[in-house]
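Reading through the structure tokens given below for one structure.
We did not get these values from a lab; they are worked out from the coordinates using the rules stated. Owing to the predicted nature of the structure, the values given are computational and were not obtained by experimental measurement. For neighbour counting, all protein chains shown are included, and Cβ atoms are generated from backbone atoms with ideal geometry for every residue, glycine included.
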Amino acid sequence: MTPVSVTQGTGPIVLGLPHSGTFVPDDVKGALCENERKLADTDWHIDRLYDGLMPDITTVKANFHRYVIDANRDPTGVGLYPGQNTTTLVPTTDFDGLDIWETPPTDAQIDARRIAFHALYHAALRAELTRVQGLHGSAILFDCHSIRANIPFLFDGTLPDFNIGTYMGVTCAPAIATAATGICNSAAGYTTTVNGRFKGGWTTRHYGQPASGIHAIQLELAQSTYLQDEAAPWTYDHAKADRLRPHLTEILTALAELTPTLRGTS
């Protein structure tokens, strides 16, 4: 199993897919609680949902599961949402607050996973952003995520369908957030929020440096928008996905068309 898969395109957008992978090494799998071997906290089928939405797009996908190590967390272990329930670099509890590990990893094991998985993903992501910026003068990282719409441990109530994160406007030019938000708000039958419970993970915050020509935006989708049910076996719903995908294409197309105007903006 290759830790990271890269598909290179010549367009200005790089899709980041840190949480759709399901690979767990045998030694890690053996340390999981039995219930956690279902890998419920996966961004199920998010790679399939985004596949083929537009030509010439670059994709960087982590093939390893977030229980091995979370590619969307600070490698130093600094928390993402202080004061809120969340998961860590190597999570100890799942999205329902249940213990993940029969045998928790040691610091040495976490360091080894950081080198073998986390660092490789981000080396690939950085390389593609640099390559794409070289082609266009700027690059847009579109970080692709999904999560169950109802998780009381993480948030109250039901999550909106589209959850846009720009870390309160820091990680991208205003035109990017405006374009994405406008399209989501106009999508009939869907709900949208900006910088709500999900403001952009470490990846968005780390790479999103508009003054340097790298813009980043996160979209956290409620899995109810494209799965038959937000529970095992997490079946991809073709009808729901076919209704959703044109909106995603519209967003990505609009952002790509903005790229020539982004050079030197912040």
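Rounded, prolate or oblate: which one fits region 96-218, using the alpha carbon gyration tensor with axes a ≥ b ≥ c (rounded when a/c is under 1.5, else prolate when a/b beats b/c, else oblate)? If you can, show how the numbers build up before the last one.
Numbers: a/c = 2.70, a/b = 1.10, b/c = 2.46.
Oblate.
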Revision key, fill the gap. Computed ³J(HN,Hα) along region 234-243: with the Karplus parameters 6.51/-1.76/1.60, θ = phi - 60°, integer Hz and x for glycine or proline, the list is 6, 7, 5, 9, 4, 5, 4, 5, 5, 7
Revision key, fill the gap. For the chain, the dipole about the Cα centre with charges only on Cβ (Lys and Arg +1, Asp and Glu -1), to the nearest 20 debye, works out at 740 debye
Practice item. Please give the length that would be gained between ALA239 and LYS38 if that part of the chain were fully extended, namely 0.36 nm times their separation in residues minus their C-alpha to C-alpha distance (nm, one decimal). Key: 69.8 nm
Check your understanding: ³J(HN,Hα) across region 212-223 via Karplus (A = 6.51, B = -1.76, C = 1.60, θ = phi - 60°), whole Hz, x for Gly/Pro?
Key -> 9, x, 10, 10, 9, 9, 10, 10, 9, 8, 5, 5
Check your understanding: Given the rule -39500 (n - 2.57) for each run of at least 4 DSSP H residues, summed and divided by the residues of the chain, what is its mean residue ellipticity at 222 nm, to the nearest 500 deg cm²/dmol?
Key -> -8500 deg cm²/dmol
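With both partners inside the chain, how many of the DSSP beta bridges are antiparallel, as a percent to the nearest 5? Before the final figure, lay out each step's value.
Working: 12 of 33 bridges.
Here the share of antiparallel DSSP bridges comes out near 35 percent.
Take the alpha carbon gyration tensor of region 12-82, find the square roots of its eigenvalues, order them as a ≥ b ≥ c, and report rounded if a/c is under 1.5; if not, report prolate when a/b exceeds b/c, else oblate.
Working: a/c = 2.48, a/b = 1.52, b/c = 1.63.
Because a/c hits 1.5 or more and a/b fails to exceed b/c, region 12-82 counts as oblate.
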Study note, to complete from the structure: Residues meeting the amide H criterion for CYS33 (H placed from the backbone, H to H distance under 5 Å, 5 or more places apart or on another chain) are TRP101, GLU102
Study note, to complete from the structure: Listed residues ALA40, ALA239, ALA222; largest mean-square fluctuation, Gaussian network over the chain with Cα springs below 10 Å, found at ALA239
**Study point:** Those trypsin sites (Lys or Arg not before Pro) in region 176-266 that DSSP places in a loop and that have at most 14 other beta carbons within 10 Å
**Key:** ARG263
Practice item. Find out how many positive minus negative residues lie around THR171, taking Lys and Arg as positive, Asp and Glu as negative, among other residues whose Cβ is under 11 Å from that of THR171. Key: +1
Check your understanding: Among PHE162, PRO12, GLN109, which residue has its Cα positioned farthest towards the positive end of the charge dipole of the chain, with +1 placed on the Cβ of Lys and Arg, -1 on the Cβ of Asp and Glu, and the dipole taken about the Cα centre?
Key -> PRO12
Revision key, fill the gap. Counting sequence-distant residues (5 or more places) and residues on other chains, those with an amide H built under 5 Å from that of THR93 are THR88, ILE100
Study note, to complete from the structure: The simple spin-label model distance between THR76 and GLN228, using points 7 Å out along Cα→Cβ, in nm, is 4.6 nm
**Study point:** Theoretical gain in end-to-end length, THR10 to ASP99 [0.36 nm per residue, Cα-Cα removed]
**Key:** 27.7 nm
**Study point:** Loop sites in region 142-186: chymotrypsin sites (Phe, Trp or Tyr not before Pro), DSSP, at most 14 other Cβ within 10 Å
**Key:** PHE153
Practice item. Would you mind counting up the charge near ASP74? Only other residues with Cβ under 13 Å from its Cβ, with Lys and Arg at +1 and Asp and Glu at -1. Key: +2
Point to revise | Alpha-carbon centroids, region 230-259 and region 1-77: separation in whole Å | key: 17 Å
